[in-house]
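Enquirer: Right, I'll just put the structure down here and ask away after.
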Amino acid sequence: MTASFYRPAIVLGLLSAIGPFAIDMYLPALPEIGRDLGSTASVTQLSLLAFFVSFALAQLVYGPLSDMWGRKLPLYLGITIFAFASIGCAIAPDVETLIAFRFLQGIGGAAGMVIPRAVVRDMHTGVEAARLMSLLMLVFSISPILAPLTGSAVIEFYGWRGVFWAVMAAAFIGLLLLSTQLEETRPEHLRRESSVGAALRGYGMLLRDRNFMTLTSIGGLAITSFMIFLAYSPFVLIEHYGLTPTQYSIAFSINAVSFFTVSQFTGMLGARFGLKRVMRLALSGFALTMVVMALAMNSGLGGFYTLAAFLFVGYGFLGLVIPTSAVLALDDHGEIAGTASSLMGTLHFVISGVAMVLVGLVFDGTPYPMISGIALAAVLAFVLTQMTIGRRAAISAAE
């Protein structure tokens with residue numbers, strides 16, 4: 001790969017990580033935030049849910065904007081909103097104000113999630129796009145690896161408010177990279193053809209596109225399994241298993257290492273076996289691992305180390321599922337890549353948000369609701385794949 005391939009991957013990966021950085025970095029602080037602001041765990045969780053809701057909905061706006069205005073201008077807008085919302089979070093006097101600014105922060109952070117995927121589609125398709133997407137995810141994985149560790153260190157010296165000053169600084173670094181290191185990839189003539197009406201028609205077409213919706217749903221269920229872990233692991237690992245914030249950060253980061261290491265084989269395996277086959281096999285391994293984990297843990301046969309081992313293996317398989325499903329979904333929609341990326345991102349977070357709420361209804365502080373939710377999402381993704389992508393592949397092979 002050439003330097004021209006690596007540079008956009010690094011910049012896009014870092015821009016994509018800004019929003020998740022605001023999630024991962026403050027996860028170790030959730031119990032402390034609740035105590036400091038005099039709030040219960042369930043109310044404190046709303047600050048996470050508020051971010052997810054706005055993060056999901058705002059993606060519907062940024063994609064069409066990036067089709068109409070080009071990729072860079074909406075990124076400037078979103079990251080600026082994110083930076084100023086971070087200041088509001090840092091000085092929030094009560095949990096209600098924190099929730100409000102987290103909602104605004106999600107609106108800004110959504111730009112970094114949607115637009116880099118569209119840029120990848122502008123530049124490449126097929127296996128080359130999968131290579132770039134997996135390389136982007138390598139950089140993107142800096143968030144779940146470094147953010148919790150950085151967050152726990154910041155919390156120890158500056159308290160939970162220091163976390164939001166740190167993510168504000170990350171946003172300004174993102175603005176600097178955007179202005180100096182990323183070229184515009186949306187041609188002027190394509191921008192002239194884009195409009196609000198075209199975006200609405202595009203959304204209608206995508207919602208009727210069975211292939212796009214199937215691949216997006218599979219990716220959404222796969223991501224849901226991680227989002228459930230993300231939302232409830234601080235309470236399970238810190239309060240149930242007794243880990244310190246630093247120990248929790250290390251445990252969380254190990255899963256990210258598994259994810260991004262395996263994801264780097266996406267391009268090589270896709271070139272040899274085909275992206276759809278790679279995705280199907282990875283989902284089979286992912287679902288099997290998570291089901292065995294749920295059976296073992298719910299039967300009382302394992303503790304923290306058993307849970308950690310299964311998650312490490314399972315999220316390795318996930319590293320192949322997410323980039324392949326995203327590339328395959330966007331492959332046929334280069335002319336409306338921003339709009340398609342928006343709808344994909346929103347549906348991913350809608351699926352994840354519904355699942356987190358359902359798990360929250362039965363969450364009792366023990367690992368079992370979280371584990372069961374992770375396993376169920378993995379099984380649903382596997383079943384959907386076998387009913388749709390797997391069946392079409394089998395028919396094609398028979399012909």
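The values are calculated or read from the model by the stated rules, or taken from the named source; none is laboratory data. Here the structure is a predicted model, which means the values were calculated and not measured. Backbone-built Cβ (ideal geometry, glycine too); neighbour counts: all protein chains shown.
Enquirer: Going through VAL61, VAL114, VAL119 one at a time, which residue ends up being surrounded by fewer than 21 Cβ atoms within 10 Å (Cβ to Cβ) and touching a helix residue (DSSP H, G or I) at 6+ places or on another chain (Cβ under 8 Å)?
Expert: On the way: VAL114 fails: surrounded by fewer than 21 Cβ atoms within 10 Å (Cβ to Cβ); VAL119 fails: surrounded by fewer than 21 Cβ atoms within 10 Å (Cβ to Cβ).
Criteria check complete, one pass: VAL61.
Enquirer: I'm trying to understand the selection: among the residues of region 47-68, which are closer than 17 Å to VAL163 by Cβ and either of a type in the set (A, V, I, L, M) or free of Cβ contacts under 8 Å to residues at least 40 places away in the same chain (or both)?
Expert: Hits for region 47-68 are LEU48, ALA50.
Enquirer: While we're on this one: Condition (residue is of a type in the set (Asp, Glu) and in a helix (DSSP H, G or I)) applied to region 203-221: is it met by at least one residue? Talk me through it step by step, then tell me what you get.
Expert: First, pick out the residues of region 203-221 that are of a type in the set (Asp, Glu): 209.
Among the residues that remain, those that are also in a helix (DSSP H, G or I) are: none.
The answer is no; no qualifying residue exists.
Enquirer: Tell me yes or no: at least one residue of region 64-84 is over 21 Å from LEU343 (Cα atoms), modelled with pLDDT of 90 or more and small (Gly, Ala, Ser).
Expert: yes
Enquirer: Would you mind telling me which numbered condition in (1) touching a residue at least 24 places away in the same chain (Cβ under 8 Å); (2) assigned to a helix (DSSP H, G or I) SER39 fails?
Expert: Among (1) touching a residue at least 24 places away in the same chain (Cβ under 8 Å); (2) assigned to a helix (DSSP H, G or I), the lone unmet condition for SER39 is (2).
Enquirer: A follow-up question, please. Right, GLY319: within 21 Å of the chain's Cα centre (by Cα) and over 28 Å from LEU49 (Cα atoms) or not? Spell out the reasoning first.
Expert: Details: within 21 Å of the chain's Cα centre (by Cα): yes; over 28 Å from LEU49 (Cα atoms): no.
Answer is no for this residue.
Enquirer: So which helices (runs of 4 or more DSSP H) are wholly in region 231-302 and hold at least 3 residues that are within 22 Å of the chain's Cα centre (by Cα), buried (at least 19 other Cβ atoms within 10 Å of the Cβ) and at pLDDT 90 or above?
Expert: 275-298
Enquirer: For residues that are within 18 Å of ILE238 (Cβ to Cβ) and of a type in the set (Gly, Ala, Ser), scanning just region 358-375, find the one that is surrounded by the most Cβ atoms within 10 Å (Cβ to Cβ).
Expert: If we take residues in region 358-375 being within 18 Å of ILE238 (Cβ to Cβ) and of a type in the set (Gly, Ala, Ser), then GLY360 is surrounded by the most Cβ atoms within 10 Å (Cβ to Cβ).
Enquirer: Quickly run through region 209-242 and pick out the residues that are more than 27 Å from SER341 (Cβ to Cβ) and in contact (Cβ under 8 Å) with a residue 12 or more places away in the chain. Even if it seems obvious, please write down each step before you answer.
Expert: Within region 209-242, the first condition is being more than 27 Å from SER341 (Cβ to Cβ), and the residues that meet it are 232-242.
Of everything in region 209-242, those that are more than 27 Å from SER341 (Cβ to Cβ) and in contact (Cβ under 8 Å) with a residue 12 or more places away in the chain turn out to be TYR232, SER233, PRO234, PHE235, VAL236, LEU237, ILE238, GLU239, HIS240, TYR241.
Enquirer: Now for a different question. Is it the case that region 345-353 has a residue that's buried (at least 17 other Cβ atoms within 10 Å of the Cβ) and more than 15 Å from the chain's Cα centre (by Cα)?
Expert: no
Enquirer: Quick one: how many residues across region 150-160 are assigned to a helix (DSSP H, G or I) and surrounded by 18 or more Cβ atoms within 10 Å (Cβ to Cβ)?
Expert: First pass over region 150-160, keeping only residues assigned to a helix (DSSP H, G or I): 150-158.
Remaining after also requiring surrounded by 18 or more Cβ atoms within 10 Å (Cβ to Cβ): 150-152, 154-155.
The number of residues fulfilling the criteria is 5.
Enquirer: Among the residues of region 94-101, is any modelled with pLDDT under 85 and among the polar types (S, T, N, Q)? If you could, list the steps in order and put the result at the bottom.
Expert: Taking region 94-101 first, the residues modelled with pLDDT under 85 are none.
No, region 94-101 contains no residue that is modelled with pLDDT under 85 and among the polar types (S, T, N, Q).
Yes/no matrix, rows are residues, columns are (1) part of a helix (DSSP H, G or I); (2) surrounded by fewer than 20 Cβ atoms within 10 Å (Cβ to Cβ); (3) among the basic types (Lys, Arg); (4) at pLDDT below 80:
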{"position": "LEU12", "(1), (2), (3), (4)": "yes, no, no, no"}
{"position": "SER16", "(1), (2), (3), (4)": "yes, no, no, no"}
{"position": "PRO31", "(1), (2), (3), (4)": "yes, yes, no, yes"}
{"position": "ARG35", "(1), (2), (3), (4)": "yes, yes, yes, no"}
{"position": "SER47", "(1), (2), (3), (4)": "yes, no, no, no"}
